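What follows is one structure encoded as structure tokens, with my remarks underneath.
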Amino acid sequence: VDVFQAWCGPCKPVVNLFQKIRNEVGSNLLHFAVAEVDSIDALGKYRGQCEPIFLFYTGGELVAAVRGADAPLLQKTILEQL
């Protein structure tokens, strides 16, 4: 989940990375979503930050988080979680 604030917007450059990995591993294993923190109370602790944060969930549980648009770290985290 790409967590963002309305004034900053979602991290669009990372979408290409997710699409590339999703094509490689199959669409059943990897799902990408964006969430605006101002409209979701459960994400309130991420408000007021200017860097993107990517949250990784498995079975409804938060299993990893990556701060910033670090493409190599995101790719590594995605592949580790898969």
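The values are calculated or read from the model by the stated rules, or taken from the named source; none is laboratory data. In this text, all values refer to a predicted model and were calculated from it rather than measured experimentally. For neighbour counting, all protein chains shown are included, and Cβ atoms are generated from backbone atoms with ideal geometry for every residue, glycine included. Areas reflect the complete protein model, heavy atoms only, side chains present, ligands, DNA and RNA absent. Shrake-Rupley method; radii C 1.70, N 1.55, O 1.52, S 1.80 Å.
Tabulated values for the structure
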{"item": "Within the chain: Cβ-based charge dipole about Cα centre, in debye rounded to nearest 20 (Lys, Arg +1; Asp, Glu -1)", "result": "160 debye"}
{"item": "Farthest toward positive dipole pole in the chain [+1 Lys/Arg, -1 Asp/Glu at C-beta], among Leu29, Ala42, Leu17", "result": "Leu17"}
{"item": "Antiparallel DSSP beta bridges within the chain, percent to nearest 5", "result": "75 percent"}
{"item": "Carbon/sulfur fraction of accessible area - the chain, other protein chains in place, 1.4 Å, %", "result": "53 percent"}
{"item": "Neighbourhood net charge (11 Å Cβ-Cβ; Lys/Arg +1, Asp/Glu -1) for Val15", "result": "+2"}
{"item": "Under the Karplus curve 6.51 cos²θ - 1.76 cosθ + 1.60, θ = phi - 60°, whole-Hz ³J(HN,Hα) for the stretch 16-28, x wherever Gly or Pro sits", "result": "4, 4, 4, 5, 4, 5, 4, 5, 6, 9, x, 6, 7"}
{"item": "Spatially proximal lysines relative to Lys20 (Cα-Cα < 16 Å; intrachain offsets below 8 disregarded)", "result": "Lys12, Lys76"}
{"item": "Two-decimal ratio, the chain, of alpha-carbon radius of gyration to 2.2 N^0.38 Å", "result": "1.05"}
{"item": "HN-Hα J in Hz across the stretch 58-74 - Karplus 6.51, -1.76, 1.60, θ = phi - 60°, x for Gly and Pro", "result": "9, x, x, 10, 5, 10, 6, 9, 10, 8, x, 8, 8, 4, x, 5, 4"}
{"item": "Cys8-His31 FRET efficiency (beta carbon distance; Förster radius 25 Å; 0.05 resolution)", "result": "0.65"}
